[in-house]
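Peer 1: Take this structure first; my questions come after.
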Amino acid sequence: MSARDRILAKLRGAQPAAANPLPSLDEHYAPRARGESVAQRAARFKAGIEAFHAEVHLATDADWPALLARLCVEKAVGTLLYGDATPAGRRLDAATFSGTTLRPWAGQVEDIKADLFHRVGAGFTQARGAIAETGSLILWPSDAEPRTLSLVPPVHFALLDARTIQPTFFDAIRFEDWSADMPTNALLISGPSKTADIQQTLAYGAHGPKELIVIVTHAEGAPQ
């Protein structure tokens, strides 16, 4: 028997090692469960995202459009780009936005690139949810509300329903069954755009919005 045959015989006769069983994610995350109320999760999310220089405002479902209009005035937003075909976008009324022009998203990025990068003051999006543990927003871009709205304008306004805040990223994936209908692109946003040079000096807005402003609704028991 040649050396080659001996080697092949050993390989064929070798029994594959027993595969290690996959860990149970439910068991891993179970000790971290807090049994929090909506208000407690909202408070933890608020503390987390504010630590990364985001701004958070609490509102009711009825008054958040008026709050958004007031914040646009305070931030001197001349043009607010938004998706008018979304549930939140349909609630925006130009008559409420004194001094701010509401511009519905339309066309392709290439068609409005100059306006997008040089004339639009802010973008407005809805958040699909959030993660309390890391203070992160979850955005699922769509044709009606592309990711450009949250990545290009210097100010990003995000509307978040507190009832969609999950304790951990695992909870968000499991609760919403991401594997069944995940988009081609999902965003986790934990603050405004930032970068640092070799001296570790932080600069905001170099690669995206320099301000992230989150409006949280339905924060049960939270102070307004």
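Peer 1: Could you please find all residues in region 164-185 being farther than 17 Å from E133 by Cβ and in contact with a Lys or Arg (Cβ under 9 Å, 6 or more places away or on another chain)?
Peer 2: Step one: filter region 164-185 for residues farther than 17 Å from E133 by Cβ, giving 177, 179-185.
Within region 164-185, just N185 meets the criteria.
Peer 1: Checking G129 against (1) farther than 30 Å from I112 by Cα; (2) at pLDDT 85 or above, which test does it fail?
Peer 2: Failed condition: (1).
Peer 1: Select, from A206, A172, A158, the only residue that is hydrophobic (A, V, I, L, M, F, W, C) and assigned to a loop (DSSP other than H, G, I, E, B).
Peer 2: Details: A172 fails: assigned to a loop (DSSP other than H, G, I, E, B); A158 fails: assigned to a loop (DSSP other than H, G, I, E, B).
None of the other options fit; the residue is A206.
Peer 1: What do you reckon, is D143 open to solvent by 50 Å² or more (accessible area, probe 1.4 Å), without any contact (Cβ under 8 Å) to a residue 24 or more places away in the chain and within 16 Å of T86 (Cβ to Cβ)?
Peer 2: Details: open to solvent by 50 Å² or more (accessible area, probe 1.4 Å): yes; without any contact (Cβ under 8 Å) to a residue 24 or more places away in the chain: yes; within 16 Å of T86 (Cβ to Cβ): yes.
Yes: the conditions hold for D143.
Peer 1: Right, something else. Could you please let me know if A42 is surrounded by 15 or more Cβ atoms within 10 Å (Cβ to Cβ), in contact (Cβ under 8 Å) with a residue 24 or more places away in the chain and of a type in the set (A, V, I, L, M)? I'd like the intermediate steps shown before the answer.
Peer 2: Values: surrounded by 15 or more Cβ atoms within 10 Å (Cβ to Cβ): yes; in contact (Cβ under 8 Å) with a residue 24 or more places away in the chain: yes; of a type in the set (A, V, I, L, M): yes.
Answer is yes for this residue.
Peer 1: List the number of the failed condition for D161; all other conditions in (1) in contact with a Ser or Thr (Cβ under 6 Å, 6 or more places away or on another chain); (2) open to solvent by less than 20 Å² (accessible area, probe 1.4 Å); (3) under 30 Å from T101 (Cβ atoms); (4) modelled with pLDDT of 95 or more hold.
Peer 2: Exception for D161: condition (2).
Peer 1: On the given criteria, is G129 in contact (Cβ under 8 Å) with a residue 40 or more places away in the chain and touching a Pro at 6+ places or on another chain (Cβ under 6 Å)?
Peer 2: Working: in contact (Cβ under 8 Å) with a residue 40 or more places away in the chain: yes; touching a Pro at 6+ places or on another chain (Cβ under 6 Å): no.
No: the conditions fail for G129.
Peer 1: Checking N20 against (1) touching a Lys or Arg at 6+ places or on another chain (Cβ under 8 Å); (2) part of a loop (DSSP other than H, G, I, E, B); (3) polar (S, T, N, Q), which single condition isn't satisfied?
Peer 2: Here N20 meets the rest and fails (1).
Peer 1: Let me ask something additional. Which members of region 107-126 meet the condition of being small (G, A, S) and exposed (fewer than 12 other Cβ atoms within 10 Å of the Cβ)? Outline the logic, then answer.
Peer 2: First, pick out the residues of region 107-126 that are small (G, A, S): 107, 114, 121-123.
G107, A114, listed by residue number.
Peer 1: Now a separate question. Would you confirm, using the coordinates I've provided, whether I215 is in contact with a strand residue (DSSP E or B) (Cβ under 7 Å, 6 or more places away or on another chain), within 27 Å of R32 (Cβ to Cβ) and surrounded by 13 or more Cβ atoms within 10 Å (Cβ to Cβ)? Break it down stepwise before answering.
Peer 2: Details: in contact with a strand residue (DSSP E or B) (Cβ under 7 Å, 6 or more places away or on another chain): yes; within 27 Å of R32 (Cβ to Cβ): no; surrounded by 13 or more Cβ atoms within 10 Å (Cβ to Cβ): yes.
No.
The values are calculated or read from the model by the stated rules, or taken from the named source; none is laboratory data. Since the model is a prediction, treat every value here as computed from it, not as a measurement. As a convention, Cβ positions derive from the backbone with ideal geometry for all residues, glycine included, and neighbour counts pool all protein chains shown. Only protein heavy atoms, including side chains, enter the accessible area calculation; ligands, DNA and RNA are left aside. Shrake-Rupley method; radii C 1.70, N 1.55, O 1.52, S 1.80 Å.
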